[in-house]
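Structure record follows, encoded as structure tokens.
Laboratory data are not the source of any read-out in this text; all were calculated from the coordinates shown. For clarity, every value in this text was computed on a predicted model and none was experimentally measured. Cβ placement follows ideal geometry from the backbone for every residue including glycine, while neighbour counts extend to all protein chains displayed.
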Amino acid sequence: MTDQSTKATSIALDIMGGDLGPEEAMLGAKMALDQKWIDGKLILVGKEEIIEEFLEREKLTNDPRIEVFPASEVIGMDEKPIPSIKQKKDASLVRAIELVKIGNCSAAVSCGNTGSLMACSTIRLRPLEGVSKPALATVWPSRENHFVLLDAGANPQCKAENLFQYAVLGNLYAKTALNIENPRVGLLSIGTEEGKGNDLNRESHELLKKLGKKINYIGQIEGFQLFNNEVDVVVTDGFTGNIVLKSCESLWKMLKVLIKEEATLNPIRKIGALGFVGTMKGVKSRLNPDDFAGAPLLGLGGTVLKAHGSSNRSYIANAIRIAGLTIKADLKEQSEKDIAEANAILSQIESQESDSSSKK
């Protein structure tokens, strides 16, 4: 059992939410510990008997880096967000977030129900001061670099002020997760010219231009620029971001199937495919999503990372690693500072514009 003396550098892991079951989640936890990817403790949240059996089998029962926090319920992937967190107060997902809320942990990782995780995180942890809505940030591989995309689905309905805040939050996360000193921030649109896009894009673009040197805003970008090393942070609303995310995931899966089918179409191609194995392994390694597993909900009063529902042990281990990075970087505190500075810049400019307009 955890106690109130647990250090705040600890990470809570919901072991019950994934499609592959608690065994895979706990093997991911073991992998993260073996790699020494976190400095504090790892709190395994879920059904106590399952956790204890695993720890005994793996000879981890007395490992001081691991603690157990019992949770008797599980929120299913098909359950509705608000009813699920109200009706299942002892769910592993809920308990993991509450450990962050009370200060026992600095971050929580879960591959459970996305809607429930977002709802519970927003209600329990609340948005940071100056942030209207949190954003789900994902890291994507491209040919020469990695980039952050947000929002990836937390908020389908957005206003210009939300995208303004996402740009600031994404800028900081790119510095933290990708170690980029001055990230290039772009607003996803249907054209790069002034006046392109819908009302949301045009309004957001005008706001972002006012930030000046606060962030390296490069303007509006189009979809074909994402994978050409032209941008480090891609800002969009959750509706568009989620469509882009799932479309790209589907395209990659289809390409893998097509390549396999064509390579094994006849005996001659099968022989030729043997020499192609190394190439495909190299491509897979460069595009491996495990390296930046776990999408943080940025802009909350606590750190929560959403891992994919079908996360394997490597993905979960890396999500824990990313959670550790956010803790070391004081992401929550720095986010609050950056948002406050950006809002102050915007307020000052708008005040000057108002004064100038009134004098005319």
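Among the listed pairs Lys133/Lys213; Lys101/Lys213; Lys89/Lys133, which have their C-alpha atoms separated by more than 30 angstrom in this model? Among Lys133/Lys213; Lys101/Lys213; Lys89/Lys133, the Cα-Cα distance tops 30 Å for Lys101/Lys213.
Among 181-187, 133-139, the peptide with the highest mean count of other Cβ atoms within 10 Å heads the list, and the full ranking is 133-139, 181-187. Pairwise Cα distances in the chain exceed 32 Å in 36 percent of cases.
Largest GNM mean-square fluctuation across Ser347, Ser204, Ser116, computed for the chain with C-alpha springs under 10 Å, falls on Ser347.
The mean of 1/r over all distinct Cα pairs in the range 139-216, once inverted, gives the Kirkwood hydrodynamic radius of 13.3 Å. For the range 157-240, the dipole from Cβ point charges (+1 on Lys and Arg, -1 on Asp and Glu) about the Cα centre works out to 280 debye, to the nearest 20.
Considering every Cα-Cα pair within the range 1-151, what fraction, in whole percent, is farther apart than 22 Å? Taking all Cα-Cα pairs of the range 1-151, the fraction more than 22 Å apart is 43 percent.
Given the chain, what percent of its DSSP beta bridges are antiparallel, to the nearest 5? Roughly 25 percent of the beta bridges in the chain run antiparallel, per DSSP. Each Lys or Arg adds one and each Asp or Glu takes one away; over the other residues whose Cβ falls under 13 Å from the Cβ of Ala344, this sums to -2. For the chain, the Cβ-based charge dipole about the Cα centre amounts to some 500 debye (Lys, Arg positive; Asp, Glu negative; other atoms uncharged). Helix-only estimate, please: 222 nm mean residue ellipticity of the chain, summing -39500 (n - 2.57) across DSSP H runs of length 4 or more and dividing by its residues, to the nearest 500. My calculation for the chain gives -15500 deg cm²/dmol from helical runs alone.
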